[in-house]
Amino acid sequence: MDDSQAAEVRRLRTVEQLSVHEIRARTGLGRNRVREMLRGVPPPERTRRPNARDDLRAEAVELRGQGCSVNDIARRLGVAKSTAYQWVKHLPLDPDEDTATRRRAHAKVMTDARWAVHRQAREEARADERRRAGEVVGSLDRRDVLLLGAAIYWCEGAKSKPWRPQDRLQFINSDPGLLALFLRFLETCGVGREVPAYRVSIHESADAAAAAQWWADRLGLPATRFGRSVLKKHNPTTVRRNTGDDYHGCLVISVPRSRELYWRIEGMITELFRAAGGVPG
């Protein structure tokens, strides 16, 4: 380190009371170099960031004790809401839990009323958009079903790897609509619903037998074709939201002796990629 440069930097700091930015502009040195030279030298008072005034903080605490909200405190003291919150976050608005509960319920009612018109307009717009989009679909012919089935299998089904050739179709999903579409694809390819083997993959805390029956009823599948369910071990650290009466796990569809059908899917996907201008995967 150049002693003359360091001495000049310290002089600018202590005598002329310059900030780091101003010293850099004067000397042409980098920020880290200047800070290294100023190590142990306190900054001038004018460059210090002012602290929150103690009297304002005390007044904020007093207002909180009177039942004022953070917004009210910030407005009355002329400070940011984040500052007011930091000052009073350790003080509950109302130690009376019943009163606090009533106030929260009242606030929710007011908020819901304020946004009710917006939500209604949004839901109406959503319903209208879905209706118009649905009109585009119409009926599905054989070609539509084949292309859709090949595409969803390529997204969700088991695929062949160089180290693990795929000699049968296996499709797993939790969406009844997507599974119904895949079953329609199989039927179009000559594979009836009595041919595949089915099994449920579900968390061990759920009712696997009831889930299997639900899938059989929902998709019109023969119960005799269902194998033993696969139970997923529960991880206590995972917060699961797929619980309750609407949780039925995933359905696994395995089609025996389907190697040639898998090759057909590969062919359709390759041609789809070529037609779209992409590179076959």
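Some points to look at:
- Members of segment 75-90 that are under 34 Å from the mean Cα position of the chain (by Cα) and farther than 11 Å from Arg57 by Cα: Ala80, Lys81, Ser82, Lys89, His90
Every residue, every condition in (1) aromatic (Phe, Trp, Tyr); (2) in contact with a strand residue (DSSP E or B) (Cβ under 7 Å, 6 or more places away or on another chain); (3) within 19 Å of Arg228 (Cβ to Cβ), yes or no:
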| position | (1), (2), (3) |
| --- | --- |
| Gly157 | no, yes, no |
| Pro162 | no, no, no |
| Asp167 | no, no, no |
| Asp175 | no, no, no |
| Leu186 | no, yes, no |
| Val191 | no, yes, no |
| His203 | no, yes, yes |
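- Of all residues in segment 191-210, those being of a type in the set (A, V, I, L, M, F, W, C), at pLDDT 95 or above and under 15 Å from Pro176 (Cβ atoms) number 1.
- Remark: Phe171 matches the filter, which requires a residue to be among the aromatic types (Phe, Trp, Tyr), part of a strand (DSSP E or B) and under 23 Å from Glu260 (Cβ atoms).
- Scanning segment 1-39 for residues that are part of a loop (DSSP other than H, G, I, E, B) and either surrounded by 11 or more Cβ atoms within 10 Å (Cβ to Cβ) or not hydrophobic (A, V, I, L, M, F, W, C) (or both) yields Asp2, Glu16, Gln17, Leu18, Ser19, Gly28, Leu29, Gly30, Leu38, Arg39.
- Checked against the criteria, Val230 does not count as over 22 Å from Asp144 (Cβ atoms), within 29 Å of the chain's Cα centre (by Cα) and modelled with pLDDT of 95 or more.
The values are calculated or read from the model by the stated rules, or taken from the named source; none is laboratory data. Predicted model, so just to flag it, every value in this text is computed and none were measured. Neighbour counts are summed over all protein chains in view; Cβ atoms, including those assigned to glycine, are modelled from backbone coordinates with ideal geometry.
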